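Asker: I have a structure here, written as structure tokens, and I will follow up with some questions on it.
The values are calculated or read from the model by the stated rules, or taken from the named source; none is laboratory data. Every value quoted in this text rests on a predicted model; they were computed, and no experiment measured them. Virtual Cβ from ideal backbone geometry, glycine too; neighbours counted across all protein chains shown. Calculation scope for accessible area: heavy atoms of the full protein, side chains included, ligands and nucleic acids excluded. Shrake-Rupley method; radii C 1.70, N 1.55, O 1.52, S 1.80 Å.
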Amino acid sequence: MKNSTIKDIAREAGVGVATVDRVLNRRAPVRQETENKVLATAQRLGYRFPQGNPAAASVIKTGVKIKMGFILLPGDYSFYARLGEQLRQHAAPWHDDDCPPEFCFHAINAIEAMAETIRDLATRVEVIGLVALDNALIRHAVEEVTRKGVKVFALLSDLSPCGHSGYIGLDNRKAGRTAAWAVAKMGSNAGKIGIIIGDNQFLCQETCEISFRSWLRERGTPYQVLEPIRSRENIECGYQATKKLLQEHADLTVIYAPCGGIEGVVTALKESGRQQAITMICHGPFENDHLALINGDIDLLLNHRLTEFSAAVIGAFRQSLFEPAGGFINLTCPFELLTPENC
């Protein structure tokens, strides 16, 4: 019998050859339902994978389910509510109905509670996705559970080496430098720049801030970049921090906020009546983000593509359990730039 080809799989699955190539050779994430369709078609057609092909085990193991858990920041911040929903959708084909993924939510500074949750989850699941500060207690808990064979992935913000299996998130250096480039193109030529981050130990935001400053310094721009203030990834804290920033700096011309709690930041800026005079660049998505762009409350949104991100997370979970090749799994996911004209 003739061996099936990628073109055969594409025709039968109703997708493009490039999509099949991305799935079978793990070149880039695709929608979960598309990946499932391609893998099922490859199995049905008896596609013979070349030795060492990274997708082979996924077809062989289609009947295997994963016990997974997630520790995220509070779901009352719309970003994490959306992320949780996307993770649930992409995890659905990979768990039994009576053993769905466990979701736990902690405030960013609830260090001891989060460390205890890592240990507790590890008694029931095989792999954990974690959004956390790079804190010694968190790292100690991760080291402890990984020694017991549980896989732990840092989501959105990496951890210092602690035995975790990988990182899935943005290229934060690229994000910070993109924001700085936008400031130089969109903002005034002088004035002060306020930076709002969730916490100093959130490595993703620390990298964004450093890279943002670095780009502006390299170009010799005349801006005065202020010391960062913290939102603690919280809407109310974001509101209070922004209000204080605006009160103390009448010559503020730019705000860069690669953090959570953006709803509070936007509210404070609107209440000040200065939203048209201040260039506002932030990360998202968040509730009513498109309306904030249209109304001119923000000027540029560096938007996480949560569907692709969630597909990459579940794919990394599967790879670590079904295709153990050793080594750290590092997946950088794309972000998109949204303006009032393309939101």
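Asker: Can you give the calculated 222 nm mean residue ellipticity of the chain, where each DSSP H run of n ≥ 4 adds -39,500 (n - 2.57) and the sum is split over every residue, rounded to the nearest 500 deg cm²/dmol?
Answerer: -13500 deg cm²/dmol, from helical runs alone.
Asker: To one decimal place, what orientation-averaged projected area in nm² is obtained for the convex hull of the Cα set of the range 167-210? All intermediate terms of the calculation are to be shown ahead of the outcome.
Answerer: Numbers: hull surface 14.0 nm².
Average projection, Cα convex hull of the range 167-210: 3.5 nm².
Asker: So how compact is the chain: Cα radius of gyration and Dmax in angstrom?
Answerer: Looking at the chain, its Cα Rg and Dmax stand at 21.7, 76 Å.
Asker: How large is Rg/Rh for the range 177-309, to two decimals, with Cα atoms and a Kirkwood Rh?
Answerer: Numbers: Rg = 13.5 Å, Rh = 14.5 Å.
Result for the range 177-309 is an Rg/Rh of 0.93.
Asker: Going by accessible area, probe 1.4 Å, with all protein chains left in place, what is the ranking of W94, W181, largest first?
Answerer: Output order, biggest surface exposure first: W181, W94.
Asker: Over all pairs of distinct alpha carbons, what does the Kirkwood formula give as the hydrodynamic radius of the range 74-144, in Å?
Answerer: On the way: mean 1/r = 0.0755 Å⁻¹.
Over the range 74-144, the inverse of the mean reciprocal pair distance is 13.2 Å.
Asker: Separate question: Just the number, please: carbon plus sulfur as a percent of the accessible area of the range 186-343, 1.4 Å probe, no ligands or DNA/RNA counted.
Answerer: Values: 3150 of 6620 Å².
Whole-percent figure for carbon plus sulfur exposure: 48.
Asker: Okay, next question. Can you tally the net charge around E287? Count Lys and Arg as +1, Asp and Glu as -1, for every other residue whose Cβ sits under 12 Å from the Cβ of E287. If you can, show how the numbers build up before the last one.
Answerer: Values: positive: R82; negative: D76, E263, D289.
Once all neighbours under 12 Å are counted, the net charge is -2.
Asker: While we're looking at this one, here's another question. Using a Gaussian network for the chain with springs between C-alpha atoms less than 10 Å apart, which of these wobbles most: F105, F309, F153?
Answerer: Between F105, F309, F153, it is F105 that shows the largest mean-square fluctuation.
Asker: Using only the alpha carbons of the range 303-343, determine the length spanned along each of the three principal axes and report them from longest to shortest in whole angstroms.
Answerer: For the range 303-343, the Cα spread along each principal axis is 45, 15, 7 Å.
Asker: Here's a follow-up. Go through 127-133, 258-264 and give me the packing order, highest mean Cβ count within 10 Å leading.
Answerer: Values: 127-133: 25.4, 258-264: 27.6.
Highest to lowest by the protection proxy: 258-264, 127-133.
Asker: Please work out how much length the chain gains when fully extended from E116 to K148, using 0.36 nm per residue of separation minus the C-alpha to C-alpha distance, in nm with one decimal. Before the final figure, lay out each step's value.
Answerer: Working: separation 32, 0.36 × 32 = 11.52 nm, distance 1.53 nm.
My answer for the length gained is 10.0 nm.
Asker: Between T5 and F322, what FRET efficiency follows from the Cβ-Cβ distance if R0 is 30 Å, with the result rounded to 0.05?
Answerer: Working: r = 24 Å, r/R0 = 0.81.
That gives a FRET efficiency of 0.80.
Asker: Over the Cα atoms, compute the radius of gyration (one decimal) and Dmax (the largest Cα-Cα distance, rounded to a whole number) for the range 245-343, in Å.
Answerer: 17.8, 57
Asker: When ligands, DNA and RNA are left out and all protein chains stay put, how many square angstrom of accessible area per residue does the range 103-236 have with a 1.4 Å probe? Please list the in-between numbers first.
Answerer: Working: 5630 Å² over 134 residues.
Each residue of the range 103-236 exposes 42 Å² on average to a 1.4 Å probe.
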